[in-house]
Amino acid sequence: MSRTASVAGALTIGACVLVGASSAAAEETVPGDWYFDVFGVQESLDAGNDGEGVHVAVIDEQFNPDIPTLQGTDLTIAPSICYDRAGVQIPAETDAMSAAHGTNSVSLVVGTGAGYPGQTGVRGAAPRAQVTAYSAGVSEVVEGLGELEGVECFDEQGGRIGAVEQRFEQALDDGADIISIQIGSPGMASELVARAMREGVIVLQSLDNEFVFESDVTTPGLPEMNGVVGVQAIDAYGDPQRGAGSTDLAVDIAAPGVGMTAQGGPGAASWAEQSIQSGTSNATPFTAGVLAAVWSKYPEASGNQIIQSMIRNTGLEDHELARDDSLGYGIISLRHMLQEDPSQYDDVNPLIIDDRDVVDQQAYADPRYAEIFPETATAAPTEPPSTGSGLGALLPALIIGGVVGLVVLIGLIVLIVVLVTRKKH
């Protein structure tokens, strides 16, 4: 039995496990496109589930649409909105290696697998989906640390702009069904996320790549925002990329992201060079491709129902709905989702927390439920009548006095009737 077949056969509800093998061994021996067979992508494509009719927005850095795997795809690169500190525009489309991150993200959604001579290119789960790629700038490196601090994007006057937020709004305006975000955002206006939730748009955000990320739900980053799908990366054996002990309170779904083929990249001399790379930036666009493939089979389903199916049909077998802070609701399963018509589920995003009856509002993420659905907001409570002065203070006395007066009046009437009756006799 081949190693790939062994991994596929060992898929369970929570993970794909090969007994006796370690994650380190997986990285050494499993080919970079292991996910394609393990998750049944070719089977899905052969059945016609190729993402056609679904619009996916990919928010990332720069893009190179000229690599072989992206040829013939329905890919649009949105015009750049970013400039560097000197006021020079940062192109959204380039053949520089700075575009490797965004290019590989797009490829994991819509890549056909065409490669340079002798190669198989990066393959996506939905090669016929409509994809719009939005550049939010380029990675900014902290001097002396060599660590990414997010994206660098300025306006023409040198002022920093919230490119991810602007691109998010543009994707909504352009009618995206799924928004896949692989770069960090310093913040996101809650009203934009609320709008996405109201419109039934599926929003995916890659989680932190560190071993343990102590999530603070009051932080305005996207993974902690109400209704957004936080995506974790796993290896070929179902382990989170930083080991079985790594957790994140914001994880909702796990998907392949470790030890995967990438085209070009840091240090590469040309785009024809391939490498093996890991991270949630692989897992998130692959998840977007899986959801697009499922949606193309069930076009009448809503985005909310697709999310319902995603979290309920993890693994290969039916099971009770449950989650943990390691893999969320489990490992995404293209095969399982294709077997279940999502229209059977409620048209409700199951990841939106209804916090209307919660006293400690700070314990819940933005946007609040009432911001997502304003029609559900209850009217502000009226102030109780003052007990110190005014009409409010007199009302009880007036009511009591009225009752006493009525009783006295009835008594007088009875007395008069009695006296009149006696006089007649």
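The values are calculated or read from the model by the stated rules, or taken from the named source; none is laboratory data. Nothing here was measured: the structure is a model prediction, and the numbers come from that model. Glycine also receives a Cβ, built like all others from the backbone with ideal geometry; neighbour counts cover every protein chain displayed.
General remarks:
- Residues located in region 74-89, provided they are surrounded by fewer than 23 Cβ atoms within 10 Å (Cβ to Cβ) and under 19 Å from ILE179 (Cβ atoms): ASP74, LEU75, THR76, ILE77, ALA78, PRO79, SER80, ILE81
- Count of region 231-249 residues, restricted to those that are under 22 Å from SER139 (Cβ atoms) and in contact with a strand residue (DSSP E or B) (Cβ under 6 Å, 6 or more places away or on another chain), is 4.
- Members of region 232-260 that are under 14 Å from HIS101 (Cβ atoms) and outside any loop (DSSP other than H, G, I, E, B): MET260
- Set SER80, SER107: member being within 28 Å of the chain's Cα centre (by Cα), assigned to a loop (DSSP other than H, G, I, E, B) and within 27 Å of GLY184 (Cβ to Cβ): SER80
- Contact map, region 283-300: first residue in the same structural domain as VAL56 (by TED's automatic domain parsing) and in contact (Cβ under 8 Å) with a residue 60 or more places away in the chain, second residue of a type in the set (Ser, Thr, Tyr) and outside any helix (DSSP H, G or I), Cβ cut-off under 6 Å, separation 6 or more or different chains; pairs are THR284/SER180; THR284/SER206; PRO285/SER180; ALA288/SER180.
Here's the yes/no breakdown for (1) in a loop (DSSP other than H, G, I, E, B); (2) at pLDDT below 95; (3) more than 17 Å from ALA365 (Cα to Cα); (4) among the acidic types (Asp, Glu):
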residue: LEU204; (1), (2), (3), (4): no, no, no, no
residue: ASP208; (1), (2), (3), (4): yes, yes, yes, yes
residue: VAL217; (1), (2), (3), (4): yes, yes, no, no
residue: PRO220; (1), (2), (3), (4): yes, yes, no, no
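- Test result for GLY32, part of a loop (DSSP other than H, G, I, E, B) and on the phi > 0 side of the Ramachandran plot: no
- Some residue of region 269-292 being at pLDDT 95 or above, assigned to a loop (DSSP other than H, G, I, E, B) and of a type in the set (Val, Ile, Thr): no
- Meets criteria (over 30 Å from ALA99 (Cβ atoms) and without any contact (Cβ under 8 Å) to a residue 40 or more places away in the chain) for GLU320: yes
- A search for C-beta distances below 9 Å between a residue of region 83-94 that is under 16 Å from ALA163 (Cβ atoms) and any residue that is surrounded by fewer than 14 Cβ atoms within 10 Å (Cβ to Cβ) and acidic (Asp, Glu), counting only pairs 6+ apart in sequence or on different chains, returns TYR83/ASP155; TYR83/GLU156; GLY87/ASP155; GLY87/GLU156; GLN89/GLU156; GLU93/ASP66.
- Residues of region 145-191 satisfying the condition of being more than 18 Å from SER80 (Cα to Cα), modelled with pLDDT of 90 or more, acidic (Asp, Glu) and not in a helix (DSSP H, G or I): ASP177
- Condition met for ALA99 (within 17 Å of ILE77 (Cβ to Cβ), modelled with pLDDT of 95 or more, under 27 Å from the mean Cα position of the chain (by Cα) and not hydroxyl-bearing (Ser, Thr, Tyr)): yes
- Top-ranked residue of region 237-257 - restricted to ones that are of a type in the set (A, V, I, L, M) and modelled with pLDDT under 95, ranked as nearest to GLY113 (Cα to Cα): VAL251
- Scanning region 50-72 for residues that are buried (at least 20 other Cβ atoms within 10 Å of the Cβ), touching a Lys or Arg at 6+ places or on another chain (Cβ under 8 Å) and not small (Gly, Ala, Ser) yields ASP50, ILE59, THR69.
- Residue satisfying all of: in region 44-68; more than 26 Å from the chain's Cα centre (by Cα) and in a helix (DSSP H, G or I); nearest to GLY111 (Cα to Cα) among these: PRO68
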